[in-house]
Amino acid sequence: MTLFRTLRRWQLLLLLASLGVPIVLMLWKPYVLIEGLQRGGLYAVIALPMALILGVVGIINLAHGEFMMLGAYFAYWMGVYAGLDPLVAMIPAVVAFALLGAITYVLTIRRALKAPELNQLLLTFGMAMVGTEFANLMWTSQPLKPHLSYVYSSVALGKLRFGTYAFIYTAAAIVLLVLLQLFLRKTRLGRAALAVGQNPRGARLVGIDVNRTYLLIFSVSIALVGALGAMFLTRHSVFPSAGSPFTMKSFCLIAMAGIGNLPGVVWGGFGLGIAEALVSSFRGYGGWADVVFFAVLVAVIMGKSYRRQTA
Amino acid sequence: MAVLRTEALERRFGGLVAVHDLTFELAENEILGIIGPNGAGKTTAINAISGLYMPTAGRIFLGEEDITYSPPHVRCHLGIGRTFQLVHPLVDLTARENIMVGALFGQHRSLRQARKTAEEIAAQLGLERIDRSVSDLTVLEIKKLEIGRALASDPKVLFLDEVMAGLNSDETKAALDAVRGIRDQGVAICVVEHVMSVIRDLTDRVIVLDGGTIIAEGPYSKVSADPRVIAAYLGEEE
Amino acid sequence: MRMTRYLPYVLGAALAALFPLFSGAYLEQVAVGMLIYLTLALSWDMLLRSGQLGFGTAGFFGLGSYAAILLFLNVGVHPFVSIAFGGVVAGVVALLVGLAVLRLRGMYFAITTLALAGIFAVVLRNFPGLTGGSEGRMLPNCIYAGNTTKIYWLVLALAVFTIVISEVFERTRIRLALTSIRNDERVAKSSGVNVFKYLVFVFAVTSAIQGLAGGTYAHVFGFVSPEGSFSANFLLLPLAMALLGGVHSTWGPVVGGLVLGALSEYLKLQIPYGHLLVYGAIIVVVTLFLPQGLMGTVRAWWRRSHVTRGAQ
Amino acid sequence: MSLKGKAMGLRVWALAILVVVGAGFLVAAEEGPIKLGAVLPLADITGAQGSKAMQLAVDEINAAGGVLGRQLELIIVDDESKAEKGAAAIDKLATVDNVDVFIGGMSSGVHLGELPALKKYERVTVWIGAASSLVEQAVVGLDWYFHIHPWDYLQGASYVEGWAALQAEYPLIKIHKAFWAYEEGAFGTSSYQGSLVAFSNWENVGESFKSALLGGGDYRAVLRHAQEFDPDLFIWVGYAADALPIMEQAAEIGFTPPLFVGSPPGWPADFGTSPLADGVIAYGMWAPSIKDVSPVSQHFWDAYIAKYNEQPATYFAPLGYTNIYVVAEAIARAGTLDKEALITALEATNYASPLGETLTFTPSNLIQHQGFRNQKILQWQNGAQQVLWPFEYATALPAYPFTGP
């Protein structure tokens, strides 16, 4: 009783919807829920490192998807030359991309942090272009994808048959979220990063090495997104422009959740994934999935702004 | 006849009540001081009256007009001018242009008139380097610029939020003269200040806020002796 | 006195207008592309001067393209009328959208405008009866039958029109309003600036310019399609041009547009395979070493050399 | 090998004779190379390999003495897959380089933007790309315009013919119901709509999906709808990036239609190495295996690999090669670069192309000079694409039905 009294009406509606919709879906179109969670997990997990960079370093990394694309190529060639499965190649990818991230930070981002804010947009836009064209020159625009038999494993429950492997994205999103939250709340470095993200000047005053924190967070994020590129490759083809749509999707998710709200990114990803899967589940309406994605996005942002004004 | 009047003004942020039951009047040609410990709700009160925050309850009248729910730019047009606690110069404009903003949008002057108004106000305030970019100006000059910008909108009521903070004694003295000069033009002034000597020398009357509401009101000499006021300030210092 | 002040502009405009006399069709065609992008870059910057980062450029460009072509094909008006209609439609839609979303700030506004562009494309694609669906619509004959010189003048007129609007923004109270909103919105409000009104106004005007550019582009190249007309190129390239040239002024985006437009064409001819890599690398390097953009750097250098000369 | 050598020898001789005859008519003043101006998207593999194959053909012809005693010069300009860049490229080739013939081409969207410029110069244009019938409407009545690639509706008609032939030849194959999954952009939609008309005797259901090329990549909703419909033939029209993921996701939900057809403009490099590929039907104009039945194709294959040390991976490579030879032979036949003579000579084209078929120009629905009209029905078998139809180029028997992994 007290619980309900403390909740406002909209919170109650939201709670009911977030519990009710999955239950209805579970009974009505179970695969929408399953595939929506899988698809949403992919959106969410790829958005998390971008959210981290935006939250702490404060830049919108337009080359985010390109780092993922390069990670996928890395995993592909690790498979060809070293015989590594992409999921195993995530380990060397973390190392390689942490290094790439650190180099990128030292050579470019650090210098741009002092410049007017929008320069970082232009800088990362240029980097995205360099990344795409580098891949294009090296490996042409022809898509590459290794054959992996485990990616189409599935189970059948009665008449319902669905893929199980793609839950790896759902799981990865949740695991990464938990790890990042633990890191940010429980470790010294993480707390320092949070402080820097909220107020770099104040953090510097209390003795935090802001530059080193930026370097760390940027490298970690790029390492993560590089490794996620390898995970992406298991179920998707890689080609030079494979990453750019994910930059946009990630940015949308972060805007929906609000800067610094990592759990919001994950729930938003799941929500959008399910919404898209639901629209697509009606034959002939798949073309409207994008509109649903954008409509949900705009509705959430507008709703939040409205609430902020009335609160 | 009061220039500005509030009735039981309240402003909440979620569960936090920053200002409540704030009722006061500002008379013509009066200099009113608002004092109180940190977090007493002084700046919130100014924000609510100037319209940056909408009040959650109560009423605000400017003269006869009810401005409780008017947007901030309309309140400016009607005659409420203000400065900000931390200086907020418009950094991409020159000093002159900063002042012109008030004249252009507060009083809807033409560009030429606004330029002239800016010159006059700068001269009145003793702001000389009028065509320099803001980054070249001293703290005192920036404070003058902020007062000038507020003044350029030709206010009936002027709120000065800690304009004396960070000035040395000579500068403070110059600033006090400037403020008196503004009052002499027929502008009612409301100053929020931490520096008690300023309040003592400048104000006709003082209201003391604590916990978002008025705990004492009257001339400085009377208020400063009020045990509740002393308690409020002592509470802050421990 | 007055004459000499405007002399450079008159000379520049005359030079631009007479460009076809000493260029061939090729350079005219390149200039047409550059001027379209320059127009978009400038309009994007005009909104940015209010502090609002708009990502709707491609969306309003595409909307204007479609409005112009559909009116032209279905009603048969003069191409100019249909281009103007494209601008009006984009402007009116922006006005309505702006009334709803211009309470948002920062990246929330940016992402919402981006989302709107996505929505336009999908909606137009899903009404194939009118819009031709995914394939789009084609003009039987495009404007001036492809005469590059006339097309150049048309697009130049569009660019000059935009430059004039931008200068009007720069030389009237609008500049002080937008700059104060950008620098400190609370100060602007308290100083009497009707922030919302100015933002909606600027958003509608710049979107209308983008719609005009879209309508012109569609008439010049003779077709509209969801993929072509709403291409992310119409957002990203203008953005890069404005930032590289230097934001918050008329001449920054203009110079950025000319420099990047010429550079991309030159690189393409020099390095057929891989010119985009060099182009991207140049953007990175310029961003790092000229953080104020080209015009900002020139202005700073000019000021510095002036000050030192004054001191001596 | 010897067959190939003989065919090549014949070609070179034929050219040489034409060259000598042509040279006889030549006015001595006509010096300098014959210029061919190509516009292609060089950042895409289609344009990159297409342009390389063009250069290969030009080098071969020049090594054999050129045309009309003059060398060929190939000038390639990147269109960057942008309409305005394509238009500027046409203007550059026409006014700066003063090319004699326009060749090249890829996307319909870019080509629509180039057409105003091409119409301005009215020079002979032999185009290998742009399949949309929207383009056909835009080039009605242009006597100097030659189009090599089949229009979208011609492809549909060709497949109707192919499936009729296959069903007649192999009675086991029966098609009554077809499900079309097409990418939602212009490419997929126009292919689907072009085919709908042609396949009116089937029960057709179509649904669009978002290609991985444009940020999609989840096909399961469409595949489930197809599974519910239970078609005899399932066909997806998308891009190479969709190929393997579609097979995986179909395997995931257990969707195994008797005929599983893919119709991308090119296949990913690894597709054949996946066991999921086995039995997948491919639509296309060309496959490497055609070299087994066509000496020209074999020669092209070997020469391309020898020159560039990579395999042709898209049919735009043999198309680019064809583009040059068609133009060069027509110039040689015409004996002049005069426009009317060249058009007449092009109309008489009869070129045994590396795509297998012999290229001639005949009228299509709206235009006079349409080149290829037929597609091929291929099948992935043991990691390679084999030709099932037309039977004259068949390299393997169909494997039927598709069983999945």
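The values are calculated or read from the model by the stated rules, or taken from the named source; none is laboratory data. These numbers come from a predicted model, not from an experiment. Methodologically, a virtual Cβ is constructed for each residue, glycine included, from the backbone with ideal geometry; neighbour enumeration extends over all protein chains shown. The protein model used for the area step is the full one, side chains on, heavy atoms only, and it has no ligands, DNA or RNA in it. Shrake-Rupley method; radii C 1.70, N 1.55, O 1.52, S 1.80 Å.
Observations
- Residue check for A:ALA98: farther than 30 Å from C:TYR273 by Cβ and at pLDDT below 95: no
- Search result, residues across the range A:263-289 that are without any contact (Cβ under 8 Å) to a residue 12 or more places away in the chain and either surrounded by 24 or more Cβ atoms within 10 Å (Cβ to Cβ) or within 12 Å of another protein chain (Cβ to nearest Cβ) (or both): A:SER280, A:PHE282, A:ARG283, A:GLY284, A:TYR285, A:GLY286, A:GLY287, A:TRP288
- Some residue of the range C:124-138 being touching a strand residue (DSSP E or B) at 6+ places or on another chain (Cβ under 7 Å), more than 30 Å from A:SER250 (Cα to Cα), in contact (Cβ under 8 Å) with a residue 40 or more places away in the chain and within 11 Å of chain D (Cβ to nearest Cβ): yes
- Scanning the range D:90-109 for residues that are at positive phi and buried (at least 24 other Cβ atoms within 10 Å of the Cβ), we see that the one that is farthest from the other protein chains (Cβ to nearest Cβ) is D:GLY105.
- Top-ranked residue of the range D:161-188 - restricted to ones that are among the aromatic types (Phe, Trp, Tyr) and more than 14 Å from every other protein chain (Cβ to nearest Cβ), ranked as nearest to D:SER211 (Cα to Cα): D:TRP163
- Subset tally (residues that are among the polar types (S, T, N, Q), part of a helix (DSSP H, G or I) and surrounded by fewer than 23 Cβ atoms within 10 Å (Cβ to Cβ)) for the range C:88-133: 1
Rundown of residues vs (1) touching a Phe, Trp or Tyr at 6+ places or on another chain (Cβ under 7 Å); (2) open to solvent by 20 Å² or more (accessible area, probe 1.4 Å), yes/no style:
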site: D:ASP278; (1), (2): yes, yes
site: D:VAL293; (1), (2): yes, yes
site: D:TYR304; (1), (2): no, no
site: D:ALA317; (1), (2): yes, no
site: D:ARG333; (1), (2): no, yes
site: D:ALA341; (1), (2): no, yes
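- Qualifying position, being away from chain A (no Cβ under 11 Å), open to solvent by less than 30 Å² (accessible area, probe 1.4 Å) and of a type in the set (S, T, N, Q), among D:SER211, D:SER191: D:SER191
- Residues satisfying the criterion are absent from the range C:216-239 (criterion: in contact (Cβ under 8 Å) with a residue 12 or more places away in the chain, more than 12 Å from every other protein chain (Cβ to nearest Cβ) and among the polar types (S, T, N, Q)).
- Residues in the range A:136-150 include at least one that is out of contact with any Ser or Thr (no Cβ under 9 Å at 6 or more places or on another chain) and outside any helix (DSSP H, G or I).
- For the residues A:LEU137, A:LEU148, A:LEU122, the requirement of being at pLDDT below 95, closer than 28 Å to C:ASN183 by Cβ and touching a helix residue (DSSP H, G or I) at 6+ places or on another chain (Cβ under 9 Å) singles out A:LEU122.
- Applying the criterion of being aromatic (Phe, Trp, Tyr) and farther than 28 Å from A:VAL210 by Cβ to the residues of the range A:38-83, the residue that is least open to solvent (accessible area, probe 1.4 Å) is A:TYR73.
- The number of residues in the range C:102-111 that are among the aliphatic types (A, V, I, L, M), touching a residue at least 12 places away in the same chain (Cβ under 8 Å) and within 7 Å of chain A (Cβ to nearest Cβ) comes to 2.
- For the range B:96-110, a tally of residues being in a helix (DSSP H, G or I) and at the interface with chain C (Cβ under 8 Å from one of its Cβ atoms) returns 7.
- Subset of the range B:141-192 (residues that are free of Cβ contacts under 8 Å to residues at least 60 places away in the same chain and of a type in the set (Phe, Trp, Tyr)): none
- Breaking point among (1) open to solvent by 10 Å² or more (accessible area, probe 1.4 Å); (2) in a helix (DSSP H, G or I), for D:GLN311: (2)
- Among the numbered conditions (1) away from every other protein chain (no Cβ under 14 Å); (2) out of contact with any strand residue (DSSP E or B) (no Cβ under 7 Å at 6 or more places or on another chain), the only one that D:GLY284 does not meet is (2).
- Output for the range C:134-148, where each listed residue is in contact with a Pro (Cβ under 7 Å, 6 or more places away or on another chain) and assigned to a loop (DSSP other than H, G, I, E, B): C:SER134, C:GLY136, C:CYS142
- Selection from the range D:214-257 of residues that are open to solvent by 10 Å² or more (accessible area, probe 1.4 Å), acidic (Asp, Glu) and either under 25 Å from D:GLY156 (Cβ atoms) or without any contact (Cβ under 8 Å) to a residue 12 or more places away in the chain (or both): D:GLU228, D:ASP230, D:ASP232
- Here the range A:290-306 is the region considered, the condition is being within 20 Å of the chain's Cα centre (by Cα) and either assigned to a loop (DSSP other than H, G, I, E, B) or more than 14 Å from chain D (Cβ to nearest Cβ) (or both), and the residue that is nearest to C:ALA121 (Cα to Cα) is A:ALA295.
- Residues being modelled with pLDDT of 85 or more and part of a helix (DSSP H, G or I) - total across the range A:1-57: 27
- Filtered residues of the range B:144-160 (kept if open to solvent by less than 20 Å² (accessible area, probe 1.4 Å) and within 17 Å of B:LEU90 (Cβ to Cβ)): B:LEU145, B:GLU146, B:ILE147, B:GLY148, B:ARG149, B:ALA150, B:LEU151, B:ALA152, B:SER153
- Restricting the first member to the range B:29-52 and to residues that are of a type in the set (Asp, Glu), and the second to residues that are open to solvent by less than 10 Å² (accessible area, probe 1.4 Å), the beta-carbon pairs closer than 9 Å and six or more apart or on different chains are B:GLU30/B:ALA188; B:GLU30/B:ILE189; B:GLU30/B:CYS190.
- Checking C:SER50 against (1) more than 29 Å from A:VAL292 (Cα to Cα); (2) in a helix (DSSP H, G or I), the condition it does not meet: (2)
- Hey, B:ILE121 within 12 Å of chain C (Cβ to nearest Cβ), surrounded by 22 or more Cβ atoms within 10 Å (Cβ to Cβ), out of contact with any Pro (no Cβ under 8 Å at 6 or more places or on another chain) and not in a strand (DSSP E or B) or not: no
- C:TYR198 meets the conditions (1) without any contact (Cβ under 8 Å) to a residue 12 or more places away in the chain; (2) surrounded by fewer than 24 Cβ atoms within 10 Å (Cβ to Cβ); (3) within 10 Å of another protein chain (Cβ to nearest Cβ) in every case but one. The failed one is (1).
- Residue check: A:THR213 meets all listed conditions (1) of a type outside the set (Asp, Glu); (2) in a helix (DSSP H, G or I); (3) crowded, with 21+ Cβ neighbours inside 10 Å; (4) within 14 Å of chain C (Cβ to nearest Cβ) but one, namely (4).
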